[in-house]
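Let me begin by presenting the structure, written as structure tokens, before commenting on it.
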Amino acid sequence: MARGREIEPCSKTYGFPIYCAGWVPFSHIPTSSASPENGNEEDDKGDSSSATAAAASSDASDTLLVALGGGGGEGRSGVPNALVVSGFDFPSRSLSDEPVIRIGTESDLPYRMAIHPKGDGIICSFPNGCRWFKWDLPGSRDCKRLALNPSEENLTQLENVSLQALCFNEEGSVLATGSEDGNLRVFKWPNMESMLSEVVDDNSIKDLDFSYDGKYLASLRNSGPCRIWDMKSSSVIANLAREAGEIFRFCRFSHSSDDNQVLFVVAMHNDQGKIITWNTTTWKRIGSKRVVKDPISAFNISPDGKFIAVGTIEGGVVVLNSKNLQVHSIIKKAHLGLLTSLVFSHDSRALLSSSFDSTARVTTIEAKKSNGLSLWLVFLVIIVAMLAYYLQSNGLIRYL
């Protein structure tokens, strides 16, 4: 809870510890057809209906949607378990006071989620299995009309499994899952045909991530190296070893400035968090830097590859430039408790963070203003000096 502190508009308290969070790909969610009984009425509206739809579309461009999951778990704690979808108004930099969607999940705690990037729905992991939720957007593209419904499709391959990590590839055609009992499985989506399976007993999966082109999958376990899988051959092509004292926590692929992919791995070393960079051609270390003094509990990279975000167990958030790992911005007390997730919006303009303190926050990523005036002054001095030299050398002036 907020403990009496003033809550900023970009932050909201939801009444339950938040375990997982993500951005809703609203522009990809298909609209369902209008009901038959309203068909003639809609036809009679003509241009008025088109204008209303256009206005709704315009409003939607300023409103982003976030999905949150969490709760108090089993028992009678009085803390509900729920999935929530809330709106974020970009012009006012504020989360909506009331959620767009709220689904109670009874005694089941939403622990992890994977939001399909093309608008199919959400896979949510519970302690004893997974459920598939599908979007429903009737009529116009008005986010207030969006619904999320439990699907009748059973994910039998993921029944009675406690997942620690799950993610889709960029195209939404492949799903990777990692369980607490050490089972790594990759499926084609949506038919759930098995593509890859590896079981390492008593070595649970910590994190998974696909490369942006879908060629590789990085997997991290509680112990051992970061493994790189070639998705075409379903085989391991590299084992990225830890150095003495390192404990790997997270892995994410990104793009460097010349559009070559790189892999970032977060490691704890002597209770301090550092980021290691790997070349994805040679799979050699190309850099390492300590970035925070507190243990890192959340990590992510912006879709445009420009920024890295790390969150700590103390509730702080640090945004870094991915090219040189220099600090872009720091929010020291973004939350009062341990951060559970960090996710950049699809356009990289905003960063969603969530915490066990029951709050979610959206921080806008502002570009740093370059010192353009100083540069122009330098250029001006150079030009004046060159002009003076030219005039003097041609005898047009006698004295400088």
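The values are calculated or read from the model by the stated rules, or taken from the named source; none is laboratory data. None of the values given here were measured: they were computed from a predicted structure. We place every Cβ from the backbone using ideal geometry, glycine too, and count neighbours over all the protein chains shown. Please note that ligands, DNA and RNA were not included when accessible areas were found on the heavy atoms of the full protein model with its side chains. Shrake-Rupley method; radii C 1.70, N 1.55, O 1.52, S 1.80 Å.
Points to keep in mind about this one:
- Options ALA298, ALA334; residue that is part of a loop (DSSP other than H, G, I, E, B), of a type in the set (A, V, I, L, M, F, W, C) and open to solvent by less than 10 Å² (accessible area, probe 1.4 Å): ALA334
- Checked against the criterion of being within 28 Å of ASN222 (Cβ to Cβ) and open to solvent by 50 Å² or more (accessible area, probe 1.4 Å), the stretch 131-147 has at least one qualifying residue.
- Subset of the stretch 148-172 [more than 22 Å from the chain's Cα centre (by Cα), open to solvent by less than 50 Å² (accessible area, probe 1.4 Å) and more than 20 Å from HIS28 (Cβ to Cβ)]: LEU155, LEU158, VAL161
- Test for ASP97: is it buried (at least 17 other Cβ atoms within 10 Å of the Cβ) and either aromatic (Phe, Trp, Tyr) or under 28 Å from VAL362 (Cβ atoms) (or both): no
- The residues on offer are ILE286, ILE276, ILE247, and the sole one that is within 22 Å of the chain's Cα centre (by Cα) and of a type in the set (Val, Ile, Thr) is ILE276.
- Any hit, the stretch 60-73, residues being surrounded by 13 or more Cβ atoms within 10 Å (Cβ to Cβ), in a strand (DSSP E or B) and at pLDDT below 95: yes
- Residue check for ASP209: at pLDDT 95 or above and surrounded by fewer than 20 Cβ atoms within 10 Å (Cβ to Cβ): no
- Residues in the stretch 127-141 that are in a strand (DSSP E or B), under 19 Å from PRO25 (Cβ atoms) and not basic (Lys, Arg): TRP132, PHE133, TRP135, ASP136, LEU137, PRO138.
- Of the strands (runs of 3 or more DSSP E) entirely within the stretch 177-246, those holding at least 1 residues that are in contact (Cβ under 8 Å) with a residue 40 or more places away in the chain occupy 183-188, 205-210, 216-221, 226-230, 235-240.
- If you go through the stretch 259-286 and keep only what is in contact with a Gly (Cβ under 8 Å, 6 or more places away or on another chain), open to solvent by 10 Å² or more (accessible area, probe 1.4 Å) and either part of a loop (DSSP other than H, G, I, E, B) or under 19 Å from TYR212 (Cα atoms) (or both), you end up with ASN270, THR277.
- Considering the stretch 173-185, the residues that are out of contact with any Cys (no Cβ under 8 Å at 6 or more places or on another chain) and aliphatic (A, V, I, L, M) include one that is most open to solvent (accessible area, probe 1.4 Å), namely VAL174.
- In the stretch 76-94, the residues that are of a type in the set (Gly, Ala, Ser) and touching a residue at least 12 places away in the same chain (Cβ under 8 Å): ALA82, SER86, GLY87, SER92, SER94
- Selected residue (criterion: modelled with the highest pLDDT) from residues of the stretch 22-37 that are in a strand (DSSP E or B) and open to solvent by 10 Å² or more (accessible area, probe 1.4 Å): TRP23
- LYS232 satisfies every condition listed in (1) under 24 Å from the mean Cα position of the chain (by Cα); (2) at pLDDT 95 or above; (3) open to solvent by 30 Å² or more (accessible area, probe 1.4 Å) except (1).
- Residue tally, condition in contact with a helix residue (DSSP H, G or I) (Cβ under 8 Å, 6 or more places away or on another chain) and open to solvent by less than 50 Å² (accessible area, probe 1.4 Å), over the stretch 186-206: 2
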